[in-house]
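Below you'll find the structure, written out as structure tokens, and then a few comments.
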Number of protein chains: 2
Amino acid sequence: MSIDRTTLTNSAAVRQACREGSFTDHTAGLAPGFAQANLVILPREHAFDFLQFCRRNPKPCPLLDVTEPGSPLPSTIAPDADIRTDLPRYRIWEHGELVDEPTDISDRWQDDMVGFLIGCSFTFEAALSRAGLPIRHLEQGTNVPMFRTNVACHPAGVFAGPMVVSMRPYAPAEAIRAVQVTSRYPEVHGAPVHIGHPGLIGISDLARPDYGDPVPVADDELPVFWACGVTPQAVLAAADLPLAITHAPGAMFVSDLSDEELGQ
Amino acid sequence: MSIDRTTLTNSAAVRQACREGSFTDHTAGLAPGFAQANLVILPREHAFDFLQFCRRNPKPCPLLDVTEPGSPLPSTIAPDADIRTDLPRYRIWEHGELVDEPTDISDRWQDDMVGFLIGCSFTFEAALSRAGLPIRHLEQGTNVPMFRTNVACHPAGVFAGPMVVSMRPYAPAEAIRAVQVTSRYPEVHGAPVHIGHPGLIGISDLARPDYGDPVPVADDELPVFWACGVTPQAVLAAADLPLAITHAPGAMFVSDLSDEELGQ
């Protein structure tokens, strides 16, 4: 039995509904003003390299919290939460293959696991909206278009691969304002990584994103590209680890941080 | 045979002299304009927790580079350098005890070791000087006074302990300017952590620093406190690890980064 989304107006309510199993859907628009996060869980054996990868690639992988090995508590961003139960849905990866999509991972938890909570673009999209900047894919009711680039991330151990970017089209003056607004949020991908010439970063056709849905770009607009939280998931899939756990797409962890706490 | 300090005007020259064994002294004032760094080397077994500790405590432990396990090359800040040979002097710690102070650690290197290069206050002192702000301990020709505080660092695994701070006295208008100037350098300790009331952070007597030398503070001045790179060394000593290697006090790693590259 699914709970009414409109009742989930704060982070604790979302997490409680997930924990009880009464909410298993995507989290876009829930608990407005609370920062949401991507989740990656790895055994300690791979945690140093992944932490290095995130440190070396802060734009696609901005860390909001990293748990102590064996502890499921994200003590910095939501001390009362449990990352084993408090997300709507998870994905279990074995050797890069998706093997299960459960709503609770308590039975897969090991006493050496480390959770990485990575900033999400929902926070900067809220800031763009407050600044009066339109967000094309939201207007269209679709998912943001995302593209693999030819820009290599800085590798760390087994973790390597290209940066994935999300794209939002803007008129030139809006693009300038979008740079200013998102620069204030370095912990949720920050300023764009590219603007205006997709071919220069290996994107040949804006109408054919690698993830998400296409959006129209008018002749007098510029495509603006931000580093995207899909990057660590793509890198993780390529790393061929015996076991990794992530959130399911769109089914994020809702933290107690306010979006504004992440602003500068 | 020791080389003439005044010939060591750039980072590569300092490192070459260290590598050849012709320079084993402190590095203050060498290679002006190049950023210097604190060094901590740990076996991989403890590297995740120490990286977490630094991430959770960025003011005392701002990371400039972290090497790949087994690689002595600090590829981000000095790709041609070797952290086993390119510092003037090292300290070898076994179970928290100082057991040796060699000028080369090649014979202690293990194929799972990780080097952590941590920003140093020399960079922000250069910026303070350029802004016309006096630096009392340099005027006095002594080491900066440093104090253990009652402010606990955020622990990570075996790493825990109080924040150590350095103190520079300023007239009120200078103190305001010093906040502004050092805020531009988050990767080398950044803005002060305290100003004006040492008792509030557990410091009872400014004339008796825990490390370094005392400096006079006039009645119309304020003591200004910055997070200090001695913090990770004190935490390391308390962690009682079988083996850790650090630079010797004042004998820093000289990187290829310019001080200005670390400014915002």
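Only residues that are within 12 Å of the chain's Cα centre (by Cα), within 21 Å of A:ASP49 (Cβ to Cβ) and away from chain A (no Cβ under 14 Å) were counted across segment B:40-62, and they come to 1.
Filtered by the rule that a residue be buried (at least 23 other Cβ atoms within 10 Å of the Cβ) and out of contact with any helix residue (DSSP H, G or I) (no Cβ under 9 Å at 6 or more places or on another chain), segment A:18-36 gives a lone residue, A:CYS18.
Can B:THR24 be described as assigned to a loop (DSSP other than H, G, I, E, B) and either over 21 Å from B:GLY229 (Cβ atoms) or more than 14 Å from chain A (Cβ to nearest Cβ) (or both)?
Yes, satisfied.
Applying the criterion of being out of contact with any Lys or Arg (no Cβ under 8 Å at 6 or more places or on another chain) and in a helix (DSSP H, G or I) to the residues of segment B:223-248, the residue that is surrounded by the most Cβ atoms within 10 Å (Cβ to Cβ) is B:THR231.
Need at least 3 residues that are of a type outside the set (Gly, Ala, Ser), within 14 Å of another protein chain (Cβ to nearest Cβ) and in contact with a helix residue (DSSP H, G or I) (Cβ under 8 Å, 6 or more places away or on another chain) per element, so show me which strands (runs of 3 or more DSSP E) inside segment B:63-112 make the cut, counting only ones lying wholly within it.
Working: elements: B:63-66, B:90-94, B:97-100.
Once the strands (runs of 3 or more DSSP E) in segment B:63-112 are filtered for at least 3 residues that are of a type outside the set (Gly, Ala, Ser), within 14 Å of another protein chain (Cβ to nearest Cβ) and in contact with a helix residue (DSSP H, G or I) (Cβ under 8 Å, 6 or more places away or on another chain), what remains is B:63-66.
Residues in segment A:38-62 that are in contact with a Phe, Trp or Tyr (Cβ under 6 Å, 6 or more places away or on another chain) and not in a helix (DSSP H, G or I) were compared, and the one that is farthest from A:GLY229 (Cα to Cα) is A:LEU42. Of the residues A:ALA178, A:ALA218, A:ALA251, A:ALA207, the single one that is in a helix (DSSP H, G or I) and either crowded, with 17+ Cβ neighbours inside 10 Å or assigned by TED's automatic domain parsing to the domain that holds A:LEU133 (or both) is A:ALA178. Hey, does segment A:121-129 have a residue that's within 14 Å of another protein chain (Cβ to nearest Cβ) and either within 22 Å of A:ALA28 (Cα to Cα) or surrounded by fewer than 20 Cβ atoms within 10 Å (Cβ to Cβ) (or both)? No, segment A:121-129 has no match at all.
Looking across segment B:152-164, the residues that are in contact with a helix residue (DSSP H, G or I) (Cβ under 7 Å, 6 or more places away or on another chain) and away from chain A (no Cβ under 14 Å) come down to B:GLY161, B:MET163, B:VAL164.
From the list B:GLU187, B:GLU261, pick out the single residue that is among the charged types (D, E, K, R), assigned to a helix (DSSP H, G or I) and touching a helix residue (DSSP H, G or I) at 6+ places or on another chain (Cβ under 7 Å).
Numbers: B:GLU261 fails: touching a helix residue (DSSP H, G or I) at 6+ places or on another chain (Cβ under 7 Å).
Being among the charged types (D, E, K, R), assigned to a helix (DSSP H, G or I) and touching a helix residue (DSSP H, G or I) at 6+ places or on another chain (Cβ under 7 Å) holds for just one of B:GLU187, B:GLU261, which is B:GLU187.
For segment A:150-164, indicate whether the set of residues that are more than 18 Å from the chain's Cα centre (by Cα), surrounded by 19 or more Cβ atoms within 10 Å (Cβ to Cβ) and either over 26 Å from A:ALA47 (Cα atoms) or not acidic (Asp, Glu) (or both) is non-empty. Working first, answer last.
Of all residues in segment A:150-164, those more than 18 Å from the chain's Cα centre (by Cα) come to A:150-152, A:154-158.
Narrowing further to those that are surrounded by 19 or more Cβ atoms within 10 Å (Cβ to Cβ): A:156.
Still in the running and either over 26 Å from A:ALA47 (Cα atoms) or not acidic (Asp, Glu) (or both): A:156.
Yes: one or more hits.
Checked against (1) without any contact (Cβ under 8 Å) to a residue 12 or more places away in the chain; (2) of a type in the set (D, E, K, R); (3) under 30 Å from A:ALA47 (Cα atoms), B:GLU187 passes all but a single condition, namely (1).
Within segment B:27-37, take every residue that is farther than 24 Å from B:ARG108 by Cβ and outside any loop (DSSP other than H, G, I, E, B) and give me the one that is farthest from the chain's Cα centre (by Cα). Spell out how you get there, then give the answer.
To start, the set of residues in segment B:27-37 that are farther than 24 Å from B:ARG108 by Cβ comprises B:28-35.
Subset that is outside any loop (DSSP other than H, G, I, E, B): B:34-35.
Details: B:PHE34: 14, B:ALA35: 11 Å.
Checking each candidate, the answer is B:PHE34.
Taking the listed residues A:PHE124, A:PHE147, the one that is in contact (Cβ under 8 Å) with a residue 60 or more places away in the chain and not in a helix (DSSP H, G or I) is A:PHE147, with no other qualifying.
The values are calculated or read from the model by the stated rules, or taken from the named source; none is laboratory data. Since the structure is predicted, the reported quantities are computational estimates derived from the model, not experimental observations. Positions of Cβ are generated from backbone atoms using ideal geometry, with glycine treated the same way; all protein chains shown enter the neighbour counts.
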